[in-house]
Every structure is written in C-alpha cells, then in structure tokens.
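Reviewing the structure listed below.
The values are calculated or read from the model by the stated rules, or taken from the named source; none is laboratory data. The structure displayed is predicted, hence computed values, not measured ones. FYI the Cβ positions are ideal-geometry reconstructions off the backbone, even for glycines, and counts take in every protein chain you see.
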Amino acid sequence: MKSHQPDLLLLIYFKLKEGIELAPDEQLAWEEYRTAHPVNEETLFDEDAFTKLARYQRQMLPWQQFREKYDTAFPIAFPVEKQQPTVQTVPSPHRYRLLTVAASLLLLAMTVWWFWPADSSKPKPIVQTENLLPVEPGYARAMLTLSDNQGIALDTIVQRTLPEQGNAVVTVPERGWLTYTYNSAAGATGKEVLYNRLKTPVGGYYQLKLTDGTKVWLNASSELLYPAVFGEGPRTVELTGEAYFEVAKDPAKPFKVKYNGNLIKVLGTHFMVNAYKKDSSYTALAEGKIRVSRGEEQYVLRPGQRALTYKEKLTVSAVDIRDVMALKNKYFSFHNTRLSEILEQVKRWYDVEIIYMDFIDDEKFVIEEFPRNYPLKDLLENLESTGLIHFEQRGRKVYVTR
C-alpha cells in the first residue's frame, strides 16, 4: 500500500462511520488499505478494528505537526480560535455541544496513535490485562455418537460402561480414554457393521482403543468415524482433523484411513494424519511402512517421511520424527515449521482467536518438545524469545505484531 499522511485513513474511517461520502482520493486510499488488510464488514467499527487502523497509520511525527494536520483536515476536532494565545483553557458548555461523535472518536484515535509503543528489535513481554485469567490448555473432552445417533458427552464420564455396540463392550476406564472390547460371549449379532463417531471440540482431545487393539490419539477439532467391531475385510476408518495411530498388526486385515480423498493402507505401524484443510493435508510416519494413495498416485513412506497433498498433488519430503509423535507424547514439537502453521495449532488447542496486526513474514521456527499442558502465555513467550515476533493477549484474542 502507498504511504498516506497520518490523518487520511483515520479521517476516512470516521467519514464511513458517520455515513459521509468519500472524496475520490479518499476512496482510492480506502480500497488500497482494504486490499492489504481484508476488512470484516460486521466488525468494521468495533474497538479492535479501530485500534488496528490506528496502529497501521502511526507515523513518528511531532505532536504539533499532528495537531496542525487535523486542524486542516477536520477542524471540528480542535475547536480553537486561531488568533488566541496558546494557553490551555476549559471550553464553555456551548462549545461542548458543537462536538460530534466523530470528533470524540478522532480524539480517541490520536490518543491510540500517540501512545502506541514504537517497534523494537528486542523481545517484549507478553501484554496481558491483569484482571483476566490466563488461557489454559485444552483438556480431555469429546462427544461420542453411537450407532443409533445417541450422543454422549465424555467430559465428565470416568470408570463407566456405556451401551453395548453389537459385540463391543464400550467403557471409559479413565479420564480421556474410550475403549472397545470384543465380547465373544455375546454371540452373533448379525453382519451389519455398527459405526460410532468420536468428535473433539476446539480445545479438546481424546484417546481411543478399538476392538482390534489399535490406539488412536485424536487432536482438537477432529472427528473419527469407525466400526464398533470390524467386519470382514479391511479395517477402515475415516478422519477429519488430526490423529496419531498405533495400528495393531493383522496381516489378514489391512488397516485403512480415509481422509480428504486420500487413502492410507497399513498392516501395523505408527503414523499421524493431519487433515484439517480440504486442499492441504498430510500423513507422516514414525515407525513401520505405509502406502499413501490419491487417485493413480501412490507412495510408500519410510519412517521420517511425510506425504503432503496440496491442490490434488501428492509430494513426499523428510520430517522430524519428534514432530510426528508430538500429539501422542503430549507436547508441541516444531522443526522448521512456519509461524502460520504453529499459530493454527495454538488457535485450536487453546481456543483463541489469532489477529495479525502487521504484515508478518512467515518465518520458520524450531520449538523443542514444549509441553501441551502449559498455559498459553508460556508458549507465546517461547516464540517471542526469537526476537522475530511479538504477541499481545487480551482474553482469548492474541494480537500478532513484529
């Protein structure tokens, strides 16, 4: 975007708020700003949008120059007689009545502009309002949907047996674990395969053990569809979101995972799948061997390899095994991971909104095995220690600046 004088965008902002038509040059400047900084029309005039605009337009000008520009651009903001001595006085009551809502907002704009801290190359402490509680990490919670569409919230269920699903005994032996055990004594219940669905919310996770002994760690905002008891043929599950699998070996029944149009086929191995995005998903291998296919394309992965699907194309690259096993081992692990990917995980795990206040270079970061049960503030401070990024936390909103 072109560099505009400090008052221009703020003046445009208040004109729009008051329903005043923009001049051609103002309209052009506003469109340039919106191109560089997409605007949410529903929240255009709230405090956060205003603060972002004020910061964006900050210029290091002397206060008097700033005043003079506003005197010219929008005189009602400073109702001062030009010939009077420069002595601070208290306006009379009738002068107050001349001020409009726009003038008040302009004064607020200049206050934000003037006192906003200048950039610094040194790491800055996390800014967090004192009366707000720290944002805690995610915890074990999920919704189980049985074959008859009965929903069961697992948040507070511990050491309890749930309704049987065909030949499967379903239990919650401890917090965060759901287990299916095959009950041969139940007798035949027909050939119909009964499907269950386990879904975690943002800020949640859950662990699952299937009747064949396969273990699954389901990350936040994820969903797994699976048979309560596997039938004849391949053991097939469907995933949306992210999960880590430890597949029980059964040469007669390959284990398959469907996600975003891809298919993984294994006999017994350890791997993870990230399938949050429709056009970009990947699987990475920690142990054993898997075959990943999409249409006619297919690859066999070895430990430490990742198969990425991006816009219908499959590619294979190296990956750090610590990153692959991070979900199971309950830590964050990032090796040469882009900031945008890290913050996506932060958003889902801590249930926060990420707001970019500046244009941020998508730098790659390394974080060594950071525990997932630490508060958000600790993780942000870890990222800030690089000196490349700064965060300001206000409740469940995290503002990102350089």
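Scanning the range 376-402 for residues that are of a type in the set (Lys, Arg) and either more than 13 Å from residue 354 (Cβ to Cβ) or part of a loop (DSSP other than H, G, I, E, B) (or both) turns up 377, 396, 402. Among the residues of the range 301-317, those that are more than 14 Å from residue 270 (Cα to Cα) and exposed (fewer than 15 other Cβ atoms within 10 Å of the Cβ) comprise 310, 311, 312, 313, 315, 317.
Close contacts from the range 285-297, counting a first residue that is under 11 Å from residue 263 (Cα atoms) and a second that is part of a strand (DSSP E or B) and among the aromatic types (Phe, Trp, Tyr), with Cβ to Cβ under 6 Å and a gap of 6+ residues or different chains, come to 290/271; 292/299. Of everything listed in (1) surrounded by fewer than 18 Cβ atoms within 10 Å (Cβ to Cβ); (2) in contact with a strand residue (DSSP E or B) (Cβ under 8 Å, 6 or more places away or on another chain), the single unmet condition for residue 385 is (2). For the range 345-402, the tally of residues that are in contact with a Pro (Cβ under 7 Å, 6 or more places away or on another chain) and of a type in the set (S, T, N, Q) stands at 2. Applying a threshold of 6 Å to beta carbon distances and a minimum spacing of six or more residues, or different chains, the list of pairs starting in the range 151-168 at a residue that is closer than 19 Å to residue 225 by Cα and ending at one that is of a type in the set (S, T, N, Q) and modelled with pLDDT under 90 reads 166/189; 167/183; 167/189. When the range 318-336 is filtered for residues that are outside any helix (DSSP H, G or I) and buried (at least 19 other Cβ atoms within 10 Å of the Cβ), the ones remaining, listed by number, are 319, 325, 332, 333, 334.
Quick check, is residue 363 over 23 Å from residue 217 (Cα atoms) and out of contact with any helix residue (DSSP H, G or I) (no Cβ under 9 Å at 6 or more places or on another chain)? Spelling it out, it is not the case that residue 363 is over 23 Å from residue 217 (Cα atoms) and out of contact with any helix residue (DSSP H, G or I) (no Cβ under 9 Å at 6 or more places or on another chain). The residue of the range 283-317 that is nearest to residue 248 (Cα to Cα), among those that are among the small types (Gly, Ala, Ser) and assigned to a strand (DSSP E or B), is 286. Inclusion of residue 361 among residues that are out of contact with any strand residue (DSSP E or B) (no Cβ under 8 Å at 6 or more places or on another chain) and either free of Cβ contacts under 8 Å to residues at least 60 places away in the same chain or in the same structural domain as residue 202 (by TED's automatic domain parsing) (or both) is warranted.
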